[in-house]
Amino acid sequence: MAESPVLVISGASASILKGRGALQDIDQMSLMKTLCKFTKSVTTVRDIIPTLKKAIKVAQSGTPGPVFIEYPIDVLYPFDIVKKEIGLKEAKTFTQQITNWYLQKYLGNIFAGGFEQQDMTPLPVEIPQASYNKVQTCAELVAKAKRPIMIVGSQAVLPSTPPELLKNVLESLGIPCFLGGMSRGMLGRYNKLLMRHRRKDAIKDADLVILAGAVCDFRLSYGRVLNKKSKIIVINRDKKQMLKNSDIFWKPTVAVQGDVGSFLVKVSNNLKGYKCDEDWIIQLKERDEEKEKHNRKMANHPTEHHLNPMNVLFHLEEVLGDKTIMIVDGGDFVGTAAYILRPRGPLKWLDPGAFGTLGVGAGFALGAKLCFPDHDVVIIYGDGSLGFSIVEYDTFKRHKVPVMAVVGNDACWSQIAREQVPMFGTSIACDLEYTPYHQVVEGFGAKGMVMLDAKQEEETKVFEEARDIYKQGQCVLINVLIGKTKFREGSISV
């Protein structure tokens, strides 16, 4: 949920019963405070609207993120039911009189002012903006650079800069771009500015690196890959994320706390007529294409068992249409897919993000199809992650929300085994089975298909058949049995 404004609302046991063993009596607030930007337990009816307004504002302000509101049931239930269940009894003793007095005060406080008219106008969202001086300084650095690159992160696609406008801005600047997270697809499938491979080499050779919402965490080796001789511009809504690890491995030339999209628009406006060195773009593009050719060569190598996952993904790439939203949910298979599949446009790629929250695929797919019913929604699953949400095929079917899924089934948690086996000499807890997932989804009423040892031309035919069935409004899952390759050898998940 990082960089997504999510409002989570949960019921809870009555406030008066907390800690007394009521149903679902747990300390939700302590759990959620470590994850959310804002947490609040609403104990009176009159506080419901103000709390909601504040939570929605906080969720969208700065770097968007999750917020959590807890509603004890005595705030949610009608007055008469709460009064009946609260424990008022005939006051035969002094103790009962005191108890009744307390309970009546407690009940009165819950509902006092709760039915008065309240202002429901949303609170204004606070988004940091770059100063004019910072924009001008950065524009001057770009103008002087001979070998600039831009690494774009998820923050670039946040409101209020429309993705299409940002695409035009990136093309206007003409700086070679590496796109990550939600920004994947920003430049479409093919664009001379889009670089997908050998990012480390590009960073090493660049004289200016623009981190546009990208963070120096494990994805950029904590900043160690940045050339100390390069000028570095970093833009981020969050100061802590903006300067992550800058006290150890790198130093920004200019640090801009502000919205990424609007910042790039302003810099572009200050650089009318600027043009990046064409030879630099060509050099990076040639490296990119060289790596692409190498990947295709690896895709043609037979695996010991079943199909080469790289080859499977290249065939899938050929079949998917321009109006496809890709949702990836997995480890090793998805890591391979990120190098092969090309997102069709802005906001047409969804993944678990930096936290690697496996199991999000089905939920993402449901939301994507409901928001964009005219698009094809395709989930690329690892077999391990599929286990978290395969039951959602029942949800897809019941609500008539067609979704297509491709499962890379290697009977293993391969991303873990890839480092565990060489280190410890055992695959314990990594081994799975070649489960017939295609049969599982048929139990929910979907169409299940299996790909075992097909010839290359047959792989494309299977995907085309699945696509045609999906186009008819039916849910489809293709269980693709795959073998092992050395494509991601040496990758370590730290």
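Key figures for this structure:
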read-out	value
Only one of Ile73, Ile98, Ile49, Ile127 that is closer than 30 Å to Ile175 by Cα and either open to solvent by 40 Å² or more (accessible area, probe 1.4 Å) or among the basic types (Lys, Arg) (or both)	Ile127
Single residue of Val256, Val209, Val234 found to be more than 22 Å from Ile127 (Cα to Cα), part of a strand (DSSP E or B) and modelled with pLDDT of 95 or more	Val209
All helices (runs of 4 or more DSSP H) inside the range 1-79 with 2 or more residues being more than 21 Å from Gly113 (Cβ to Cβ) and of a type in the set (S, T, N, Q)	28-33
Failed item, numbered, when Thr39 is tested on (1) over 21 Å from the mean Cα position of the chain (by Cα); (2) surrounded by fewer than 18 Cβ atoms within 10 Å (Cβ to Cβ); (3) under 30 Å from Ala354 (Cβ atoms); (4) not charged (D, E, K, R)	(2)
Which listed residue is among the acidic types (Asp, Glu), out of contact with any Lys or Arg (no Cβ under 6 Å at 6 or more places or on another chain), in contact (Cβ under 8 Å) with a residue 12 or more places away in the chain and open to solvent by 60 Å² or more (accessible area, probe 1.4 Å), from Glu442, Glu458, Glu464	Glu464
Single unsatisfied condition, Asp201 versus (1) more than 24 Å from the chain's Cα centre (by Cα); (2) at pLDDT 95 or above; (3) open to solvent by 60 Å² or more (accessible area, probe 1.4 Å)	(3)
Unique residue being crowded, with 17+ Cβ neighbours inside 10 Å, among the aromatic types (Phe, Trp, Tyr) and touching a residue at least 60 places away in the same chain (Cβ under 8 Å) when the list is Tyr437, Tyr470	Tyr470
Pick from the range 273-299, criterion assigned to a loop (DSSP other than H, G, I, E, B) and in contact with a Gly (Cβ under 9 Å, 6 or more places away or on another chain), ranking: nearest to Glu433 (Cα to Cα)	Cys276
Filtered residues of the range 284-325 (kept if of a type in the set (S, T, N, Q) and either open to solvent by 70 Å² or more (accessible area, probe 1.4 Å) or within 20 Å of Pro343 (Cα to Cα) (or both))	Asn295, Asn300, Asn311, Thr324
Asn133, sole failed condition from (1) surrounded by 11 or more Cβ atoms within 10 Å (Cβ to Cβ); (2) under 44 Å from the mean Cα position of the chain (by Cα); (3) not in a loop (DSSP other than H, G, I, E, B)	(1)
Matching option when the condition is within 28 Å of Ala156 (Cα to Cα), in contact with a Lys or Arg (Cβ under 7 Å, 6 or more places away or on another chain) and open to solvent by 20 Å² or more (accessible area, probe 1.4 Å), among Asp351, Asp374	Asp374
Residue match in the range 213-224 (condition: in a helix (DSSP H, G or I), within 16 Å of Lys144 (Cα to Cα) and touching a Leu at 6+ places or on another chain (Cβ under 8 Å))	no
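The values are calculated or read from the model by the stated rules, or taken from the named source; none is laboratory data. All values derive from a computational prediction rather than experimental measurement. No Cβ is skipped: glycine too gets one built from the backbone with ideal geometry, and neighbour counts run over all protein chains shown. Heavy atoms of the whole protein, side chains included, go into the accessibility calculation; ligands, DNA and RNA do not. Shrake-Rupley method; radii C 1.70, N 1.55, O 1.52, S 1.80 Å.
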